[in-house]
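Here the structure comes first, spelled out in structure tokens, and everything after it is commentary.
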Amino acid sequence: MSEHDPYGAMHATTIITVRKGDQVVMAGDGQVSIGQTVMKGNARKVRRLGSSKTGGGDVIAGFAGATADAFTLLERLETKLEQYPGQLMRASVELAKDWRTDRYLRRLEAMMLVADAQITLALTGTGDVLEPEHGTMAIGSGGNYAYAAARALMDGDLSAEEIARRAMEIASDICVYTNANIIVETMESSAA
């Protein structure tokens, strides 16, 4: 348990992103837990973001961690995307710098996955901006389960969306902080 999260449930969720063929997909479960109690089962932790200058919706983001902290970070990322339209990497690096150095942001406890048509990234409060090595990446308490399942499914004939859904189902069967109420966002990828 951290001093900021007395219930010890900092990353109690599962978010996965899969990039395969002409799709990039992000999926997340809907469970919100406080300690050992399920408070809500249908939260939306995956959503579209984007600059109003580019029409919006050109970035998919998913978060794990404290909800208020995650929304603060999503708002900050949207601001960075408005500053750097069409430059997800630059916006993410600028957010990560602020997150690591700003006294207020430093205390936020969340992680994010973000993707656009070209790139997928994980953002952390320690200043990490990471790209997946194998077309998939996952965060949260069930992240390792979903990631392992997706890696095992990547070489088959399943689409990115089918892989993400199946990986989330497997994670929800294993992780008590992950449910099977799965929200999926899909977009066309230029990485095909």
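Values in this text are rule-based calculations from the coordinates and carry no lab data. Owing to the predicted nature of the structure, the values given are computational and were not obtained by experimental measurement. All Cβ positions, glycine included, derive from the backbone under ideal geometry; neighbour counts span all protein chains shown.
What to note about this one:
- With the simple model of a label 7 Å out from the Cα in the direction of the Cβ, residue 134 to residue 79 spans 3.8 nm.
- Sorting 146-152, 116-122 by average packing, meaning the other beta carbons within 10 Å per residue, from highest down gives 146-152, 116-122.
- Signed unit charges on C-beta, dipole axis of the chain, positive-most listed residue 70, 136, 159: 70
- The chain, relative contact order [Cα under 8 Å, separation at least 6], %: 33 percent
- Theoretical ellipticity at 222 nm over the chain - DSSP helices of four or more residues, -39500 (n - 2.57) apiece, nearest 500: -9500 deg cm²/dmol
- Highest-first arrangement of 132-143, 19-30, 85-96, 36-47, where packing means the average Cβ count within 10 Å: 19-30, 132-143, 85-96, 36-47
- Estimated from the Cβ-Cβ distance and a Förster radius of 30 angstrom, the FRET efficiency linking residue 39 and residue 173 is about 0.90.
- What you get for the chain, charging only the Cβ of Lys and Arg (+1) and of Asp and Glu (-1), is a dipole of about 380 debye around the Cα centre.
- Where Rh is the Kirkwood radius over Cα pairs, Rg/Rh for the range 100-180: 1.03
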